[in-house]
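Structure first, then comments.
The values are calculated or read from the model by the stated rules, or taken from the named source; none is laboratory data. Remember, predicted model here, so these are calculated numbers, not experimental data. When we count neighbours, we look across all protein chains shown, and the Cβ atoms used for this are built from the backbone with ideal geometry, even at glycine. Protein only, heavy atoms only, side chains kept; ligands, DNA and RNA dropped before computing areas. Shrake-Rupley method; radii C 1.70, N 1.55, O 1.52, S 1.80 Å.
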Amino acid sequence: MAAVRVEAVLAAAEEQEAEKRRSITVEKELELEFDLGNLLALDRNPPPAAALRGAGPRREALLRALARDNTQLLGIRRRKKTSLVWDEKKKKKKRRWGYRRAGGDPARKKKKKKPAGADPEEDQFARLRREKRERVARNELNRLRNLARAHRAGSAVPAAPLHPTGHQDREELRRVARVARVSTASLGRFQPRLPKEPAEPPSRSGGKKRKKKKKKGNLAAERSRQLKLLQDMGSKKPVLDITRAVNKQMRQEEAEAAAHKGKKQSQRGKRGRRQQRPGRSGKKSGARRQQQKPAGGGTGG
Amino acid sequence: MRPLTEAETRAVFEKLGKYIGENIQLLVDRPDGTYCFRLHRDRVYYLSEKLLKLAASVPRDSLVAPGTCFGKFTKSQKFRLSITALDFLAPYAKYKVWVKPGSEQSFLYGNHVLKSGLGRITENTAQYQGVVVYSMADVPLGFGVAAKSTQECRKVDPLAIVVFHQADVGEYVRNEDTLT
């Protein structure tokens, strides 16, 4: 009796297992098209047309089964992340989270050689620990500063106190100093400057505002202004043209070399003269050399 | 749209001067009408007075391009000359480079000009001088900067770059969306 029951139970369990597995394996004639970005699956299999005709519970059930099958195919699978990952650099396995993920207390690391130029009396472990503490403290300070800055930027700051509070930053102090300077009877015009204060007061708009000029304005005046500017620019060009000097030197050298070669070639006779260098013919270069070089200008840039 | 400030005008004239020298005054001071430079959305435009008056009546957001764009000011306020200025630079160019028919296409695709593609070059071109590039049929193709002076060009080997490409008319097709 018990055996039969056990068998029955086992068979039932197996049946359940098979059922579960069946429920996640789906077979389709045509492969589905997946759009993973939108988590979309397109099923191009022809549906059983006969069963879909006519509204009713049978149609509903069929559609539901179809949807379930396709969802299985689109399913998100569980990828078990290992807790240990291989570190190529150190050739060891490191934890992805948890104990000693980031390395841990440097003082507990294995013995290191002294870095070059280190004080022989200094305790390396203590130095590492101290540096880490400093780094953490600096990081924390920066984080708090960032928070404060964000908080300040987010909320419109109510009028900052004009007396020194000890918790003001550079910008606030500058603002306060400017207000203090202007709050005299002559609105700060005859106020002597502090040793390190900038000479002229920086403009309130930070130098961004420009006088509005009329668009059309006076075109003739604009033209004359531009011509004058051109004149000024032209007159500033250097008189000694380095490139020209260099070119002249090079031409001289070439001429000398050509003369020397010419002597040799005339010794060789007709054959030598026929093998003259190309590009030396008088027509092109001669015509171009006729072009006047403008006085002092043209090659400064 | 606004006129250029002193500093901006200086930057533009310096750049133009590299290609056309003192002929800029022929652009500023024209016998056939008053022309001016205007800045619109960081781009410098060259337009006649008549066009200026018309463009002034267009709201700023709807205005695409008043006149011919000569170039634009980059974010760091450097002036960059664009190919649309070629029609005005080509007649006044001081230093010219002619390119052989074989390497015309290469230049129009945006490559530099090699010695093997160089047809002619104006005498006395200094190194890093702004030049206007022509085809052998005297059609302006674009502009560039001379990589070597004329003297050096004669000596250098055939695969060396002699003109750095800056702008070519092929950009009308390549960058048709961004040109104004």
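Checking each residue in the stretch B:158-180 for being charged (D, E, K, R) and in contact with a Ser or Thr (Cβ under 9 Å, 6 or more places away or on another chain) picks out only B:E171.
Of the residues making up the stretch B:14-44, just one is assigned to a strand (DSSP E or B), touching a residue at least 40 places away in the same chain (Cβ under 8 Å) and over 13 Å from the mean Cα position of the chain (by Cα), namely B:R43.
Within the stretch B:136-180, the set of residues being among the small types (G, A, S), more than 14 Å from chain A (Cβ to nearest Cβ) and farther than 16 Å from B:G110 by Cβ comprises B:A137, B:A160.
When you scan the stretch A:34-77, how many residues do you find that are part of a helix (DSSP H, G or I) and of a type in the set (G, A, S)? Looking only at that region, the number is 6.
Pairs linking a residue in the stretch A:61-72 that is at negative phi and of a type in the set (S, T, N, Q) to a residue that is in a helix (DSSP H, G or I) and open to solvent by less than 60 Å² (accessible area, probe 1.4 Å), with Cβ atoms under 9 Å and 6 or more positions apart or on different chains, are A:Q72/A:S23. Taking the conditions exactly as written (among the small types (G, A, S), touching an Asp or Glu at 6+ places or on another chain (Cβ under 7 Å) and closer than 17 Å to B:I20 by Cβ), does B:G110 satisfy them or not? Answer is no for this residue.
How many residues does the stretch B:136-166 hold that are closer than 24 Å to A:R251 by Cβ and not polar (S, T, N, Q)? Of the residues in the stretch B:136-166, 15 are closer than 24 Å to A:R251 by Cβ and not polar (S, T, N, Q).
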